[in-house]
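To start, the structure under review is shown below, and the notes come after it.
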Amino acid sequence: MSRLCGGIFTSHVPGIGGAIAKGLQQDPYWKPFFDGFDPVHKWLAAEKPDVAVVFYNDHGLNFFLDKMPTFAIGAAPEYRHEDEGWGIAFERPYPGSPDLSWHIIGQVVESEFDPVMCQSMLVDHAVAVPFELCWPGDAPFTTKLVPIAINTVQHPLPSPKRCFELGKAVGRAIESFDSDEKVVVFGTGGLSHQLEGERAGHINVDYDKFCLRNLAPDPEALLQHDTLDIVELAGSQGVEILNWIAARGAMRGSVRELSSNYHVPISNTAAATVLLENRTTVSA
Ligand code: DHB
Ligand code: FE
């Protein structure tokens, strides 16, 4: 069976793509954020995961407000990034893993979720920026992608509990997939930020630290706030923490934090990067 070896949780601010393009990783503004990826690079080099199952939110590229699925799962042989207007260009294609995608889709439907199934899908900065951060350079990506989009944009949004349960169903599916592949899960976006309106620039360090403190040992603590509470606490885009909650739900083994980095601000966002190891305790 395939094995879920860990989780990577990171902000996906598009400006990071611009900083990469300009080679600003050592610039004083960016360095505290990029330094958070040193342990992630070492871990990825050692673990070499075959597939990344990425919980993220589409920001209007593949799904617009007129047709917005609550949950959508990609099942394409390959994905491409397109720029929704941020001025970032990522050329490397993302190889898909249709067999694992269809297995996940089948299993989550059996668990009474009803995702949109996407045999073609564009991915936006919420997938592209984390992939660039994890595997910098020009070499073709060798880690395959299964994208899972959660609506954090068009209300009503799903509840934290529903996202956590989706993650659990995806985790069970990964662990029942007949292959010897290693899988890493991603939760992208967050932490607190709000890009528009009277509260533009809103950041809530206390709530962010609460999430960071509980993510590994007690993720269910993050379920005590409902979705609109999270909008209030973390900002209208801080609710992207739903992607982190889903990814953490997928990790069903013994989970340990390997690294955590928090830096305020990057652009308008409280930026964070967390690496969790997932050790499977029970062998099937
Ligand atoms: C920013 C953050 C986001 O999560 C996003 O999707 C777009 C922009 C920002 O802080 O600039
Ligand atoms: Fe975002």
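The values are calculated or read from the model by the stated rules, or taken from the named source; none is laboratory data. Predicted, not measured: the structure shown is a model, and the values here were computed from it. With ideal geometry, Cβ positions are generated from the backbone for all residues, glycine too; neighbour counts draw on all protein chains shown. Heads up: the accessible areas ignore ligands, DNA and RNA and are worked out on the full protein's heavy atoms, side chains in. Shrake-Rupley method; radii C 1.70, N 1.55, O 1.52, S 1.80 Å.
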Pairs returned, first residue in segment 244-256 that is surrounded by 17 or more Cβ atoms within 10 Å (Cβ to Cβ), second residue that is among the basic types (Lys, Arg) and part of a helix (DSSP H, G or I), beta-carbon separation under 6 angstrom, 6 or more apart or interchain, are Gly249/Lys168
Kindly indicate whether Gly235 is within 14 Å of ligand 1 (Cβ to nearest atom), surrounded by fewer than 17 Cβ atoms within 10 Å (Cβ to Cβ) and farther than 16 Å from Gly36 by Cβ. no
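Within segment 134-160, take every residue that is over 22 Å from Leu100 (Cβ atoms) and within 16 Å of ligand 1 (Cβ to nearest atom) and give me the one that is farthest from the chain's Cα centre (by Cα).
Filtering segment 134-160 for residues over 22 Å from Leu100 (Cβ atoms) gives 136-139, 151-160.
From the residues that got through so far, the ones that are within 16 Å of ligand 1 (Cβ to nearest atom) too are 151-154, 157.
Numbers: Asn151: 13, Thr152: 12, Val153: 15, Gln154: 18, Leu157: 17 Å.
Going through the qualifying residues, I end up with Gln154.
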Every residue in segment 71-119 that is over 25 Å from Ser11 (Cα atoms) and open to solvent by 60 Å² or more (accessible area, probe 1.4 Å), please. Pro77, Asp99, Trp102, Gln107, Val109, Glu110, Glu112, Asp114, Met117, Gln119
Would you point out which residue out of Phe33, Phe37 is touching a helix residue (DSSP H, G or I) at 6+ places or on another chain (Cβ under 6 Å), open to solvent by less than 20 Å² (accessible area, probe 1.4 Å) and of a type in the set (Phe, Trp, Tyr)? Phe37
What number goes with the only condition from (1) touching a residue at least 60 places away in the same chain (Cβ under 8 Å); (2) in a loop (DSSP other than H, G, I, E, B) that Ala76 does not pass? (1)
Kindly indicate whether any position in segment 255-263 is in contact with a Leu (Cβ under 8 Å, 6 or more places away or on another chain) and within 16 Å of ligand 2 (Cβ to nearest atom). no
Whether any residue in segment 81-95 is within 16 Å of ligand 2 (Cβ to nearest atom) and not in a loop (DSSP other than H, G, I, E, B) is what I want to check. yes
Please work out which residue is surrounded by the fewest Cβ atoms within 10 Å (Cβ to Cβ), limiting yourself to segment 257-284 and to residues that are within 16 Å of ligand 1 (Cβ to nearest atom) and part of a loop (DSSP other than H, G, I, E, B). Ser267
With the requirement that a residue be aromatic (Phe, Trp, Tyr) and either open to solvent by less than 30 Å² (accessible area, probe 1.4 Å) or more than 24 Å from Gly85 (Cβ to Cβ) (or both), what does segment 40-70 give you? Trp43, Phe55, Tyr56, Phe63
Selection over segment 13-37 where residues are among the aliphatic types (A, V, I, L, M), under 17 Å from the mean Cα position of the chain (by Cα) and part of a helix (DSSP H, G or I) yields a count of 1
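Rundown of residues vs (1) among the charged types (D, E, K, R); (2) in a loop (DSSP other than H, G, I, E, B); (3) on the phi > 0 side of the Ramachandran plot, yes/no style:
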site	(1), (2), (3)
Phe131	no, no, no
Pro136	no, yes, no
Pro156	no, yes, no
Glu165	yes, no, no
Val184	no, no, no
Leu195	no, yes, no
Ile203	no, yes, no
Asp206	yes, no, no
Go through the residues of segment 117-125 one by one and say whether even a single one is small (Gly, Ala, Ser), touching a Phe, Trp or Tyr at 6+ places or on another chain (Cβ under 8 Å) and at negative phi. no
What residue, among those in segment 1-20 that are within 16 Å of ligand 1 (Cβ to nearest atom), touching an Asp or Glu at 6+ places or on another chain (Cβ under 9 Å) and in contact (Cβ under 8 Å) with a residue 24 or more places away in the chain, is farthest from Thr269 (Cα to Cα)? Ile20
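What about Ile174, is it more than 14 Å from the chain's Cα centre (by Cα), open to solvent by less than 40 Å² (accessible area, probe 1.4 Å) and closer than 13 Å to Val54 by Cα? Working first, answer last.
Numbers: more than 14 Å from the chain's Cα centre (by Cα): yes; open to solvent by less than 40 Å² (accessible area, probe 1.4 Å): yes; closer than 13 Å to Val54 by Cα: yes.
Criteria met by Ile174.
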